[in-house]
Amino acid sequence: MNLNRYHLKEGSYDFNVVHLHQQEIGVVVTEEMGHFLLIDAKDSSEMFLLSALIKHCHDTNDVLYFRRGSPENADLFIFNGAVTPLNRKLSKEVKSALNRHKPIRKYELAVENREIDVFWDTWESWKYEKQLRIDVGQDLTLLNASRLGLELLTHSCELLATSYAGHTHFNWYSTSKSPELIIRNIARNN
């Protein structure tokens, strides 16, 4: 898959943003009752794509921006907060800056259609506790994940793509003030 990658310099911040449209990649992000953030993927191929995007964020420290397709959905930013300290104000500046800038280059993303089992062989739940910080609003959501949090999300998406688990809840891995994150493979969510 080819991605549009932008280099933005806003104030003292200097970072790259991968800009995606939710309806084009088969992912929908919604907020429910202020307590739940739902990331719905149509089926396994979209879930593998989501996994590859999160892995890209982990490997490059790029910010992922998923633009919503309708007013019922929410824009989503996924980023490593230790590298890019994004907040609501800066994220709104990023959204408007993307309208003024052209992509610096097309980035080719390799999407693998398999799960890497080695991750689950060395799984220790205590390592991943409180690795996600989620700031949810009706129209804008920030998912601030540490490197371990991004690794957890990557492999969880791969697992959802290859299994019939359907969905996964991340409230145990979020801070106590974060809403619960639920990622669902809609085609396999019974």
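Under 15 Å from a label point set 7 Å out along the Cα-to-Cβ vector of Leu109, the amide N atoms of the range 153-190 belong to 153-155, 157-158. For GluC sites (Glu not before Pro), the sites in the range 38-124 that DSSP calls loop and that have at most 14 other Cβ atoms within 10 Å are Glu72, Glu112, Glu124.
Each of Lys9 and Glu180 was given a label point 7 Å from its Cα along the Cα-to-Cβ line. The distance between the two points is 4.5 nm.
Roughly what % of Cα-Cα distances in the range 24-136 sit above 22 Å, to the whole percent?
43
Shape descriptor for the range 78-190: Rg over Rh equals 1.00 (Cα atoms; Rh from the Kirkwood inverse mean 1/r).
Oblate is the label for the range 12-74, because the ratio a/c of its alpha-carbon gyration tensor axes (a ≥ b ≥ c) is 1.5 or higher and a/b is not greater than b/c.
Highest mobility in the GNM of the chain, judged by mean-square fluctuation with C-alpha springs under 10 Å and restricted to Ala110, Ala161, Ala74, is found for Ala110.
Counting only complete DSSP H runs, which helices of the chain cover 20 Å or more along their long axis at the Cα atoms and score a mean Kyte-Doolittle of -0.5 or above? Those that clear 20 Å and a mean of -0.5 are 44-60, 147-162.
Kirkwood Rh, the chain, all Cα pairs: how many Å? In the chain this quantity evaluates to 16.6 Å. Based on alpha carbons, the Rg and Dmax found for the range 126-190 are 12.1, 32 Å. Extension gain, Arg67 to His21: 0.36 nm times the residue separation minus the Cα-Cα distance gives 16.1 nm. Extending 7 Å from Cα along the Cβ direction at Arg133 and again at Ala82 yields two label points whose distance is 1.3 nm. Per-residue ellipticity at 222 nm computed for the chain from its helices equals -9000 deg cm²/dmol, with DSSP H segments shorter than 4 residues left out and the rest contributing -39,500 (n - 2.57).
Laboratory data are not the source of any read-out in this text; all were calculated from the coordinates shown. Everything numeric here is computed off the predicted structure, so don't read it as measured data. We place every Cβ from the backbone using ideal geometry, glycine too, and count neighbours over all the protein chains shown.
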